[in-house]
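Quick notes on the structure that follows.
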Amino acid sequence: MAGVAVRGPSAKSRNESARQGMRKHREEMRRRGFKLVQLWVPDPNAPGFGAELQRQIQALAAQPDRAADAFSTAALTEVWEDPEWKP
């Protein structure tokens, strides 16, 4: 028909489609044994972030923590060798 505009899906149906996709993704991740976690993290664009990052890097480099290294290595090894854990 001449003069008739063909429109795509409405914003409402696109939003619903996006919600359904996200719901499906979350269900799949839960099925695979994952849990959704939301947390606050430092903003790398915040004033002073770079200076604080450098300060912490230098502090860590100056005093290597062998106990922490051993702990994290043991924890990761335990997870990777657990037959019940599936990536």
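The values are calculated or read from the model by the stated rules, or taken from the named source; none is laboratory data. Keep in mind it's a predicted model, so treat the numbers as computed, not measured. For neighbour counting, all protein chains shown are included, and Cβ atoms are generated from backbone atoms with ideal geometry for every residue, glycine included.
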**Report entry** Restricting the range 58-87 to residues that are surrounded by 10 or more Cβ atoms within 10 Å (Cβ to Cβ) and among the aromatic types (Phe, Trp, Tyr), the residue that is nearest to the chain's Cα centre (by Cα)
**Finding:** Trp85
Query raised in the report: Somewhere in the range 39-50, is a residue surrounded by fewer than 10 Cβ atoms within 10 Å (Cβ to Cβ), without any contact (Cβ under 8 Å) to a residue 24 or more places away in the chain and closer than 30 Å to Glu84 by Cβ?
Result: yes
Query raised in the report: What's the number of the condition Phe71 fails, among (1) in contact with a helix residue (DSSP H, G or I) (Cβ under 9 Å, 6 or more places away or on another chain); (2) under 22 Å from Trp85 (Cα atoms)?
Result: (1)
Query - the range 7-38 - residue that is of a type in the set (Lys, Arg) and either surrounded by 10 or more Cβ atoms within 10 Å (Cβ to Cβ) or assigned to a helix (DSSP H, G or I) (or both) and, of those, modelled with the lowest pLDDT - result: Lys12
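Inside the range 43-87, can you point out the residues that are of a type in the set (Lys, Arg) and not in a helix (DSSP H, G or I)?
Filtering the range 43-87 down to residues of a type in the set (Lys, Arg) leaves 55, 66, 86.
Correct list: Lys86 only.
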Report task. List every residue pair whose Cβ atoms sit under 8 Å apart, with the two residues 6 or more apart in sequence or on different chains, where the first one lies in the range 64-87 and is under 24 Å from Lys35 (Cβ atoms) and touching a residue at least 12 places away in the same chain (Cβ under 8 Å) and the second, anywhere, is among the acidic types (Asp, Glu) and surrounded by 10 or more Cβ atoms within 10 Å (Cβ to Cβ). Result -> none
